[in-house]
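The values are calculated or read from the model by the stated rules, or taken from the named source; none is laboratory data. A quick note: this is a predicted structure, and the numbers were derived from the prediction, not measured. Cβ sites come from the backbone with ideal geometry, for glycine too, and all protein chains shown count toward neighbours. Areas reflect the complete protein model, heavy atoms only, side chains present, ligands, DNA and RNA absent. Shrake-Rupley method; radii C 1.70, N 1.55, O 1.52, S 1.80 Å.
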Amino acid sequence: MFGGALHSKTQMEKNTYCVHLVVLLCFFGMLLIPSSCQVDATTAVYIVTLKQALTSHYQGELSRVYNHFRRGSSGRTRLDKPRHRNVTKTDKRHGFNIAQVHDSLLRKVFKGDKYLKLYSYHYLINGFAVVVNQQQAEKLSRRREVSNVVLDFSVRSATTHTPQFLGLPQGAWFQSGGFETAGEGITIAFVDTGIDHTHPSFADDKSEHPFNAPARFSGTCEVTPDFPSGSCNRKLVGARHFAASAITRGMFDSTEDSASPFDGDGHGTNIASIAAGNHGIPVVVAGHHFGNASGMAPRSHIAVYKALYKDFGGFAADVVAAIDQAAQDRVDIICLSITPNRRPPDIATFFNPIDMALLSATKAGIFVVQAAGNTGPSPMSMSSFSPWIFTIGATSHDRVYSNSLFLGNNVTILGVGLAPGTPENTMYKLIHAHHALNDDTTIADDMYVGECQDASKFNKDLVQGNLLMCSYSMRFVLGLSSINQALETAKNLSAAGVVFPMNPSVNGFQLNPVPMKIPSIIIPFANDSKILLEYYNSSLEKDGTSEKIVKLGAVASINGGLTASYSNVAPSVMYYSARGPDPEDSLPHEADILKPNLVAPGSLIWAAWSSVATDSDEFLGENFAMMSGTSMAAPHVAGLAALIKQKFPNFSPAAIGSALSTTASLYDNSGKPIMAQRSYPSPELNQSPATPFDMGSGFVNATSALNPGLLFDSSYDDYMSFLCGINGSASTVLDYTGQNCLNFNSIGYGSDLNLPSITIARLNQSRVVQRTLQNIAENETYSVGWSSPYGVSVKVSPTRFSLANGERQVLSVIFNATSNSSTASFGRIGLFGNQGHVVNIPVSVIVKISQ
């Protein structure tokens with residue numbers, strides 16, 4: 001898989017040593033690398049695609065398994081053989097032969113020049129990643145065998161109650177035979193920061209119902225000192241790591257990052273457990289029990305492909321290698337809670353190495369889920385682009401943890417904090433940190449002393465038995481001060497508890513509940529903090545001459561925040577969730593593709609955490625953490641897709657996406673339209689009804705998705721026709737796929753793809769859009785209704801149709817612009833079956849030109 005050679009003997013020996021060491025680094029756990037192997041100022045990592053597509057690329061389904069590693073004589077790691085494997089000798093030779101072709105080309109092109117090949121991609125795409133300088137890259141691009149040379153780019157990482165909020169126990173799980181069988185036989189791949197294999201969420205012996213080895217999966221488990229033999233089991237069936245690009249850049253720090261599948265960050269462990277963690281695992285944090293956790297598909301299998309690292313994120317060359325391996329291993333679903341750091345600069349955002357590899361994965365029958373990104377709420381902030389990728393935004397859910405501070409003047413102030421309260425019917429004196437300093441400390445000496453980060457600065461006699469008030473400033477948000485250190489200070493001073501009034505500089509920031517072992521509360525709003533401080537100051541007794549405090553008069557008690565309530569109006573789209581419209585290019589122009597596809601819970605999600613993770617100070621050393629982001633939303637949908645794949649094993653990726661989309665909910669738990677937060681400061685005070693550019697088709701409805709009635713399907717050829725229809729794209733399509741656009745019927749607009757939505761970026765007077773539906777239920781008659789976007793007239797035909805099982809129907813939708821406008825407007829088409837099925841098709845039109 002790795003290689004590289006030079007013609008002169010001494011240089012060849014040096015290069016061979018360098019290549020072999022990088023192999024050991026990336027896959028066999030060694031942590032040193034000579035500087036001659038690293039990228040210098042004149043070289044970079046390039047991803048090279050060859051014109052000759054792999055033989056398997058032309059097959060209807062990629063079903064062969066290649067590239068099996070063997071233990072080297074000096075290697076410190078090996079690969080555990082899976083318990084079930086079905087691989088022919090031809091399969092084993094194929095990956096090696098492709099790598100030899102790549103090595104031969106590099107030797108011909110560079111002759112005596114130095115280079116370093118990092119990966120050979122030989123399943124989804126025919127290509128390799130190589131370290132060369134710009135002149136060498138240009139020389140490669142001129143070779144007739146080479147179709148594309150792209151500079152590597154960086155990427156970044158973008159539950160106890162959500163199964164109940166999604167209605168799984170009485171709905172989708174019930175239909176699957178209960179949680180004991182939900183997702184059984186389905187393998188979900190996670191390309192992320194790895195996994196903590198010791199976590200009970202990934203054990204295979206926590207149930208009376210034994211796990212069976214997945215029938216299709218053929219991957220392996222890498223073995224390293226911190227990921228020893230036996231780390232994988234019948235639940236966690238595969239684990240690999242990919243870091244060659246990061247290592248050659250000199251960014252891989254062996255003291256911070258593990259050269260193994262082990263997760264030292266926490267992010268990968270977290271998302272894997274959300275999708276497929278075991279059912280009924282106790283969530284105990286800071287000594288408090290917060291219920292039992294379960295993944296969405298608790299019986300699904302997990303395969304881990306580590307390509308992200310906690311200090312720097314990751315790089316496309318490593319991510320593509322991980323995706324290529326996952327496809328070889330024959331996974332069913334790929335979950336990507338990662339996004340690129342910038343829009344791809346090519347002719348269209350869809351043309352980038354990651355999306356192109358995922359297109360081939362889709363051809364192989366793999367359903368791909370990706371986080372939308374945390375760059376909202378501004379329009380066109382989307383970081384997931386292509387129609388073959390199912391993009392997920394994040395919402396709130398109905399569980400809230402809240403505590404309160406009851407003051408001696410009978411005022412109650414709400415706060416946040418996963419903390420116990422003070423004893424009932426007992427009031428404690430409040431003392432501000434500034435009034436509890438010892439004789440050797442002044443505010444002039446330490447302007448941040450009010451944040452309570454050093455117990456030696458305080459007089460224990462003044463604090464003991466009282467509630468210590470510590471200022472919560474922007475330094476806490478930036479990680480320069482920490483809640484845990486303030487709690488340690490309070491503990492050392494024998495305080496009865498801690499109150500964190502908010503500094504005005506932090507006002508408007510949404511604070512997540514923080515686990516705290518002693519009675520504590522954070523006052524999240526500056527106005528409430530002002531009320532608290534006014535009461536405190538008015539209750540002080542001071543010496544009239546010296547102004548020294550004589551007596552503390554303010555008292556309070558803390559009502560604990562360990563018990564959740566489930567009264568929150570939800571879901572609402574979170575302010576950070578990236579928004580559409582989908583950018584077609586880097587200018588950007590809008591694409592005729594709806595993004596996001598769907599929204600799912602992503603805020604305040606309890607899930608597994610790596611025991612050694614240092615990513616979050618509040619959850620250091622804990623086995624669970626409460627996280628927020630579209631990273632947490634995507635695995636919810638990946639797990640629910642496993643339930644669909646389990647019930648309908650022959651569904652294409654597009655069919656799975658259709659089932660999830662057309663059945664999505666448009667309303668919150670109060671029966672009102674779903675709202676979307678519009679600003680970062682005070683997001684709950686700045687909301688308006690969500691549009692398709694906020695929530696896609698709506699909020700995921702797992703139970704209805706298992707019985708969608710009608711399906712919109714699309715194939716690999718349809719996506720190729722879409723790409724070939726982009727103006728000037730023929731050569732780029734050939735470069736990435738090795739296929740000629742003359743072999744496909746190019747479609748004029750992205751809106752002509754058979755998607756479960758209709759998006760028109762530019763409506764010039766009129767357009768006719770068609771959709772083909774297939775009935776997968778019993779005989780049913782549908783009536784059609786619709787609401788038109790503002791400035792557009794819509795007509796759908798037929799308005800009524802009947803279908804038997806397996807029959808298809810073409811819907812024609814005529815759009816006419818009735819006014820000139822560049823403001824997006826939205827409508828909806830609804831198909832209402834007489835057997836109870838309801839199919840929802842969101843409609844979005846941006847620019848309207850009536851004349």
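Can you list the residues, at least 5 places off or on another chain, whose amide H is less than 5 Å from the amide H of residue 118, using H built in the peptide plane?
It is 129, 130, 131, by chain and number.
May I ask for the distance between the Cα centers of the range 796-851 and the range 157-224, given as a whole number of Å?
Cα centroid to Cα centroid, the span is 37 Å.
Taking the Cα of residue 832, stepping 7 Å toward and past its beta carbon, and measuring to each backbone N in the range 769-796: which are under 14 Å?
Taking a point 7 Å out along Cα→Cβ of residue 832, the residues of the range 769-796 whose backbone N falls under 14 Å are 781-787.
To the nearest 10 square angstrom, what accessible area does residue 342 show with a 1.4 Å probe?
110
How large is the charge dipole for the chain, taken about the Cα centre, if only the Cβ atoms of Lys, Arg (+1) and Asp, Glu (-1) carry charge, to the nearest 20 debye?
It comes to approximately 2440 debye.
So what's the gap between the Cα centers of the range 711-778 and the range 345-393, to the nearest angstrom?
Taking the Cα centre of each part, the range 711-778 and the range 345-393 sit 16 Å apart.
For residue 816 and residue 442, calculate 0.36 nm times their separation in residues minus their Cα-Cα distance, and state this gained length in nm to one decimal.
In short, 127.4 nm is gained.
Per 10 Å bin, what percent of the C-alpha pairs of the chain does each bin hold, from zero upward?
Going from the shortest bin to the longest, the percentages are 2, 13, 21, 23, 19, 13, 7, 2, 0, 0.
Ignoring ligands, DNA and RNA, what percent of the accessible area of the range 399-565 is carbon or sulfur (1.4 Å)?
Using a 1.4 Å probe with all protein chains present, the range 399-565 comes out at 48 percent carbon and sulfur.
Along the charge dipole of the range 399-565, which of 524, 450, 482 sits closest to the positive end, that is, farthest toward it, with unit charges on the beta carbon of Lys, Arg, Asp and Glu (+1, +1, -1, -1)?
524
Taking the DSSP beta bridges in the range 399-565 as the whole, what percent of them are antiparallel, to the nearest 5?
So the antiparallel bridges amount to about 60 percent of the total.
Please list 3J(HN,Hα) in residue order for the range 558-572, calculated via the Karplus relation 6.51 cos²θ - 1.76 cosθ + 1.60 where θ = phi - 60°; whole Hz, with x for glycine and proline.
10, 8, x, x, 8, 9, 7, 10, 10, 10, 5, 6, 7, x, 10
Using a simple spin-label model with points 7 Å from Cα along the Cα→Cβ vector, what separation in nm is obtained for residue 454 and residue 427?
Simple spin-label model gives 3.6 nm for this pair.
Go through 806-813, 770-777 and give me the packing order, highest mean Cβ count within 10 Å leading.
770-777, 806-813
Check which residues have an amide H placed less than 5 Å from residue 760's amide H, if you skip close sequence neighbours.
Close amide H contacts, sequence-distant or interchain: 844, 845, 846.
Restricting the calculation to Cα positions, tell me the Rg (one decimal) and the Dmax (whole number) of the range 268-424 in Å.
Calculated on Cα positions, Rg and Dmax stand at 20.7, 67 Å.
Taking a probe of 1.4 Å, how large is the accessible area per residue of the chain, in Å²?
Accessible area per residue, the chain: 37 Å².
Could you give the nm distance between label points at residue 566 and residue 42, where each point is 7 Å from its Cα heading toward the beta carbon?
Inter-label distance under the simple model: 6.6 nm.
Taking amide H positions as placed 1.01 Å from N in the peptide plane, with prolines and chain starts having none, which residues 5 or more places from residue 582, or on another chain, fall under 5 Å of its amide H?
Correct list: 591, 593, 595.
Could you give the C-alpha radius of gyration of the range 399-565 expressed as a fraction of 2.2 N^0.38 Å, taking N as the number of residues it contains?
So the range 399-565 has a normalised radius of gyration of 0.97.
Taking the DSSP beta bridges in the chain as the whole, what percent of them are antiparallel, to the nearest 5?
Within the chain, antiparallel bridges account for around 65 percent of the total.
At 1.4 Å probe size, with no ligands or nucleic acids counted, give the accessible surface of residue 667 in Å², nearest ten.
Surface open to solvent at residue 667 totals about 120 Å².
Apply the Karplus parameterisation 6.51 cos²θ - 1.76 cosθ + 1.60, with θ equal to phi minus 60°, to every residue of the range 487-493 and state each ³J(HN,Hα) to the nearest whole Hz, in sequence, with x for glycine and proline.
Karplus-based 3J(HN,Hα) across the range 487-493 equals 5, 5, 4, 4, 5, 5, 9 Hz.
Run the simple label-point estimate for residue 411 and residue 534 please: 7 Å along Cα→C-beta, distance reported in nm.
0.6
Among 275-283, 132-140, 816-824, how do they line up from the highest to the lowest mean number of other beta-carbon atoms within 10 Å?
275-283, 132-140, 816-824
The range 403-472: D in µm²/s via Stokes-Einstein (Kirkwood Rh, Cα pairs, 25 °C, 0.890 mPa s)?
The calculation lands on 181 µm²/s.
Name the residue farthest towards the positive end of the dipole of the range 702-851 from the options 727, 806, 794, assuming +1 on Cβ of Lys and Arg, -1 on Cβ of Asp and Glu, about the Cα centre.
Of the candidates, 794 comes out farthest on the positive side.
Order of 330-336, 397-403, 466-472 by packing, highest average Cβ count within 10 Å first?
Result, highest mean first: 330-336, 466-472, 397-403.
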